[in-house]
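I have placed the structure first, in the form of structure tokens, so that the comments after it can refer back to it.
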Amino acid sequence: MNEEDLEGIARLEGELFGAEAWSRGLLAAELEVSRGPWADRRYVVVESDEAHGADTGGQRATLLGYAGLYHARGLAGADLLTIATVPAARRRGLASLMLTELVGTARWAGCPEVLLEVRQSNEAAQRLYVRHGFVAIARRRRYYRAPPEDAVVMRLMLRPRPGPVGMSEISEASSG
Ligand SMILES: CC(C)(COP(=O)(O)OP(=O)(O)OC[C@H]1O[C@@H](n2cnc3c(N)ncnc32)[C@H](O)[C@@H]1OP(=O)(O)O)[C@@H](O)C(=O)NCCC(=O)NCCS
């Protein structure tokens with residue numbers, strides 16, 4: 001994602017998320033902290049390489065989807081911050097592509113897990129996440145405001161949690 005994408009993303013945010021849409025300013029701030037040696041998040045876009053319109057001379061690509069992940073540089077669990085595909089390009093595997101890419105980023109950073117929140121009624125997104133190995137682990141009551149709705153918290157484990165101290169010695173002793 002870069003500055004040229006922000007206008008299209010802000011427009012799409014408004015169409016898809018209404019009152020909860022991220023503003024262009026917030027998107028720009030997010031993009032800013034996704035750069036440089038201290039970056040703790042990553043944003044990606046999927047674009048078509050078809051001509052955008054007559055006035056572009058075919059130079060600019062059309063935005064098809066975008067997604068972002070907070071990875072804390074591996075110091076904590078990652079959070080999927082946003083993911084969306086334009087309505088006309090859905091069910092073609094684009095969100096899967098972006099999710100695979102960002103889960104790869106979390107893994108590369110050393111995050112133990114990826115967490116996300118999703119509206120309870122958003123079955124399409126929940127199916128996408130289940131397909132990628134996420135499991136529902138909790139519900140946050142009235143997490144969303146406009147309109148009010150519970151969030152389902154989902155988690156993808158990237159590496160096993162360490163067991164209680166001494167567990168590995170016990171299992172080694174019993175197997176040997
Ligand atoms: C959810 C969303 C990102 C999915 O994007 P997409 O590019 O269509 O997803 P993909 O094509 O990669 O779908 C991958 C899998 O997810 C599941 N899936 C996606 N959309 C689905 C739908 N409408 N109904 C049922 N399952 C769906 C399917 O298992 C699908 O695989 P399949 O097409 O082989 O059956 C898209 O619908 C969207 O942008 N919604 C609005 C924004 C949003 O809700 N974002 C999530 C916020 S938590």
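Just a few scattered comments:
- Segment 105-132, subset more than 9 Å from the ligand (Cβ to nearest atom) and assigned to a strand (DSSP E or B), residue farthest from Y66 (Cα to Cα): E113
- Taken over segment 69-104, the residue count meeting the criterion of being closer than 21 Å to I9 by Cβ, part of a loop (DSSP other than H, G, I, E, B) and more than 8 Å from the ligand (Cβ to nearest atom) is 1.
- Answer residue from segment 133-160, given it is exposed (fewer than 15 other Cβ atoms within 10 Å of the Cβ) and within 20 Å of S96 (Cβ to Cβ) and is farthest from the ligand (Cβ to nearest atom) among those: M157
- Qualifying residue in segment 42-54 (condition: away from the ligand (no atom under 16 Å from the Cβ) and modelled with pLDDT of 95 or more): yes
- Every pair of residues 6+ apart whose Cβ atoms lie under 8 Å, when the first sits in segment 128-152 and is free of Cβ contacts under 8 Å to residues at least 60 places away in the same chain and among the β-branched types (V, I, T) while the second is part of a helix (DSSP H, G or I) and within 11 Å of the ligand (Cβ to nearest atom): V152/Q126
- Looking across T62, T85, one residue alone is polar (S, T, N, Q) and in contact with a Lys or Arg (Cβ under 9 Å, 6 or more places away or on another chain). It is T85.
- Residues located in segment 133-157, provided they are of a type outside the set (K, R), assigned to a strand (DSSP E or B) and over 14 Å from the mean Cα position of the chain (by Cα): V135, A136, I137, A138, Y143, Y144, P148, E149, D150, A151, V152, M157
- Among residues of segment 78-98 that are among the hydroxyl-bearing types (S, T, Y), those with a Cβ under 6 angstrom from a residue that is not in a strand (DSSP E or B), sequence gap 6+ or separate chain, pair up as T85/L94; T85/A95.
The values are calculated or read from the model by the stated rules, or taken from the named source; none is laboratory data. Bear in mind the structure is a predicted one, so any value in this text is a computation, not a measurement. As a convention, Cβ positions derive from the backbone with ideal geometry for all residues, glycine included, and neighbour counts pool all protein chains shown.
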